[in-house]
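The values are calculated or read from the model by the stated rules, or taken from the named source; none is laboratory data. Nothing here was measured: the structure is a model prediction, and the numbers come from that model. Cβ placement follows ideal geometry from the backbone for every residue including glycine, while neighbour counts extend to all protein chains displayed. Accessible surface is based on the protein model in full, side chains and every heavy atom, while ligands, DNA and RNA are left aside. Shrake-Rupley method; radii C 1.70, N 1.55, O 1.52, S 1.80 Å.
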Amino acid sequence: LTAVTGSCNPGYFCTLAASTPRPTDNVTGGICPPGYYCPSGSSSALACADGYYSSDYQASACTACPAGSACSNGRSFVSCPRGRYCPGAAGASPPSCPSGTYDAVGGLAASSECEQC
């Protein structure tokens, strides 16, 4: 962070002596893009962790991927893949159904939802 005057607002990042807490010029800072978050005082946009997402601009935090869904790109979530289950905050590699069980549909939230072979 170089000579930022004041603290950058949540949802924005400030660099190169930003003179406003909400820069939009992409030179002294900018609006946090989807897939990233910017808490108050950010000097750069931070990528959402695996299992979390931010689908909107100007996010100050990422949201945990909902149960039954997987998040891998930080910007959105998809239904949990077949043969796997996705508890909340499941990332790109959700766990497989336990040995002796399966799932032919997808979208499972817990291992108990996997069916016996």
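For this structure, a couple of remarks:
- Scanning the stretch 65-80 for residues that are closer than 23 Å to residue 31 by Cβ and either surrounded by fewer than 17 Cβ atoms within 10 Å (Cβ to Cβ) or in contact with a His (Cβ under 8 Å, 6 or more places away or on another chain) (or both) gives 73, 75, 76.
- Residue within the stretch 81-99 that is of a type in the set (Gly, Ala, Ser), open to solvent by 40 Å² or more (accessible area, probe 1.4 Å), under 19 Å from residue 113 (Cβ atoms) and free of Cβ contacts under 8 Å to residues at least 12 places away in the same chain present: yes
- Residue ID - least open to solvent (accessible area, probe 1.4 Å), chosen from residues in the stretch 37-64 that are assigned to a strand (DSSP E or B) and aliphatic (A, V, I, L, M): 64
- Any hit, the stretch 7-20, residues being aromatic (Phe, Trp, Tyr), touching a Leu at 6+ places or on another chain (Cβ under 9 Å) and open to solvent by less than 70 Å² (accessible area, probe 1.4 Å): yes
- The number of residues in the stretch 65-93 that are assigned to a loop (DSSP other than H, G, I, E, B), within 15 Å of residue 52 (Cβ to Cβ) and not aliphatic (A, V, I, L, M) comes to 14.
- Taking every residue in the stretch 100-117 that is aromatic (Phe, Trp, Tyr) and pairing it with any residue that is in a loop (DSSP other than H, G, I, E, B) and open to solvent by 30 Å² or more (accessible area, probe 1.4 Å), at least 6 positions away or on another chain, the pairs with Cβ-Cβ distances below 8 Å are 102/117.
- Of the residues making up the stretch 94-110, those that are polar (S, T, N, Q) and under 18 Å from residue 50 (Cα atoms) number 1.
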